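Remarks on the structure that follows.
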Amino acid sequence: MKKIHNEAELVIEAIRVGGIYAKSRGVGEFEATDSAKNKITFLYRLLVRDKLIQPLARGQENEPNMKHKLALWMSRQLPEDHPLLK
């Protein structure tokens, strides 16, 4: 797994955008008391279910790999000139 530049910031942005996506889909919304781990897991599974990202292999579904997938997804959603991609 190749490290992405600004991966932590991309994950934070993915959680923010993913929360908006989940709310617009009507499947729920994040609460202020939800842990980052729960948000990451929920968002990863929602995006896999909606076929927006490819699922991880069996046995590879752990928090670092899910964060990496979310960072990849977010990097593809942002415009090329976005500061997080530089």
- Query: Along segment 40-56, what does the Karplus equation 6.51 cos²θ - 1.76 cosθ + 1.60 (θ = phi - 60°) give for ³J(HN,Hα), rounded to whole Hz, x for Gly and Pro?
  - Reply: 5, 5, 4, 5, 4, 5, 5, 5, 5, 4, 7, 6, 8, 9, 7, x, 6
- Task: Taking all pairs of distinct Cα atoms, average 1/r, flip it, and tell me the Kirkwood hydrodynamic radius of segment 1-45 in Å to one decimal place.
- Result: 11.2 Å
- Task: Sort out for me the Cα centre separation of segment 47-86 from segment 1-41, rounded to whole Å.
- Result: 10 Å
- Which of the lysines could a cross-linker span from LYS67 if the Cα-Cα distance has to be under 16 Å and same-chain partners fewer than 8 positions apart are dropped? LYS2, LYS3, LYS37, LYS39
- Task: Using a 10 Å cut-off on Cβ atoms, rank the peptides 71-79, 6-14, 23-31 from the highest mean neighbour count down.
- Result: 6-14, 71-79, 23-31
- Scattering curve values for the chain, log₁₀ I(q)/I(0), Debye with Cα scatterers, q = 0.13, 0.22, 0.23, 0.27 Å⁻¹: -0.39, -1.11, -1.20, -1.50
- Message: I need the phi-derived Karplus couplings for segment 10-17: 6.51 cos²θ - 1.76 cosθ + 1.60, θ = phi - 60°, integer Hz, Gly and Pro marked x.
- Response: 5, 5, 4, 5, 5, 5, 5, 5
- Query: Under unit Cβ charges (Lys, Arg +1; Asp, Glu -1), what dipole magnitude, rounded to 20 debye, does the chain have relative to its Cα centre?
  - Reply: 320 debye
- Note on the structure: Contact order relative to length for the chain, counting C-alpha pairs under 8 Å separated by 6 or more residues, stands in percent at 45 percent
- Calculated from backbone phi, Karplus (6.51, -1.76, 1.60) coupling profile of segment 58-70 in Hz, x at Gly/Pro: 4, x, 9, 7, 10, 4, x, 5, 5, 4, 4, 4, 5
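Values in this text are rule-based calculations from the coordinates and carry no lab data. Values in this document were obtained by computation on a predicted structure and should not be read as measured data. In this analysis, Cβ positions are derived from the backbone assuming ideal geometry, glycine residues included, and neighbour counts consider all displayed protein chains.
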